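S.K.: Supplied in structure tokens, the structure appears directly below.
The values are calculated or read from the model by the stated rules, or taken from the named source; none is laboratory data. Since we're looking at a predicted model, the values are computed, not measured. Using ideal geometry, Cβ is built from the backbone for each residue, glycine included, and neighbour counts are taken over all protein chains shown. The accessibility values were calculated without ligands, DNA or RNA, using every heavy atom of the protein model including side chains. Shrake-Rupley method; radii C 1.70, N 1.55, O 1.52, S 1.80 Å.
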Amino acid sequence: MGRGHAGYTLWQRARASFLGFDLPVRPATAAVPRTPAAVPRQPTGEKSRNQRPDVRAAVGWFELPVLLSSGGALTAAGGDAVVLEATAPDGRIAFLVRSSGTDEVSYSLELVLRGGAPGALPLMCLIRYARPDGRLRDLLVPVVQGPVGPGASYVRLPDFRIGTSWTASLSVPVGLESDWDAEMVTASIGAALNETTREAWRRVREHVGDGLRGVIDGALR
């Protein structure tokens, strides 16, 4: 019988060799396959869930701080006030919530890309928050690094309020495997507040499949 090595410690093999006897061959143990970490499924538009968006168990998602006040110390062009700032856990994207108006306050969101390289693939971030009626709203926000300065996109946040629970996905590069709900893409493009954000969507269309390309073209018209 040949000497068995699999399944024995180094000390057991050395002791058997010193005493001059063979270790019985143990049957090989099948390797346990590794299961890839769970990832969140692509949402399909607005969900009917009377609960706060809970994605703590999903890989690549994180909670954003809750807005507690509509007042802000920083003022942007056009009279917008920055009322909330946060950064993604990987440090890649900064989130700036702005408020405008006095009687009826509305909110918007600027995503700023940090450390991006010009010419790199567009990045996509999914924002999810609860509306006043408890249903969830999803917004896709692309960010593209410009030739000068940090890349940034600017979108409105319909139905966003003080105390709204919201979450975001880590930004991921856009590619042919990207697959988003057509209704959500259309609504997200409609939320764009400037031409820079619309141009980011044009960059996105260059890297996705024909189906999504058609949806983006229709929404950009």
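S.K.: Using 0.36 nm per residue, how much length does the chain from residue 207 to residue 221 gain when fully extended, once their Cα-Cα distance is taken away?
M.R.: 3.2 nm
S.K.: Further question: Rounded to the nearest whole Å², what accessible area per residue is found for the stretch 155-221 with the 1.4 Å probe?
M.R.: Result: 47 Å² per residue.
S.K.: While we're here: On average over all directions, what projected area in square nanometres does the stretch 140-188 have, based on the convex hull of its Cα atoms?
M.R.: Mean projected area for the stretch 140-188: 5.1 nm², to one decimal.
S.K.: Leaving ligands, DNA and RNA out of it, report the carbon-plus-sulfur percent of the accessible area of the stretch 105-220 at a 1.4 Å probe.
M.R.: Carbon and sulfur atoms account for 54 percent of the accessible area of the stretch 105-220.
S.K.: Same structure again: Scaled to the compact-protein estimate 2.2 N^0.38 Å, what is the alpha-carbon radius of gyration of the stretch 106-221, rounded to two decimal places?
M.R.: Ratio of Cα Rg to 2.2 N^0.38 Å: 1.03.
S.K.: A follow-up question, please. Mind grabbing the accessible area of residue 206 for me, 1.4 Å probe, Å², rounded to tens?
M.R.: 110
S.K.: Also, quick follow-up: Give the relative contact order (percent, whole number) for the stretch 130-199; include only Cα pairs under 8 Å separated by 6+ residues.
M.R.: For the stretch 130-199, the relative contact order is 45 percent.
S.K.: Turning to a different aspect of this structure: Label 7 Å along Cα→Cβ of residue 176; the stretch 197-221 residues with amide nitrogen under 15 Å?
M.R.: 206-213
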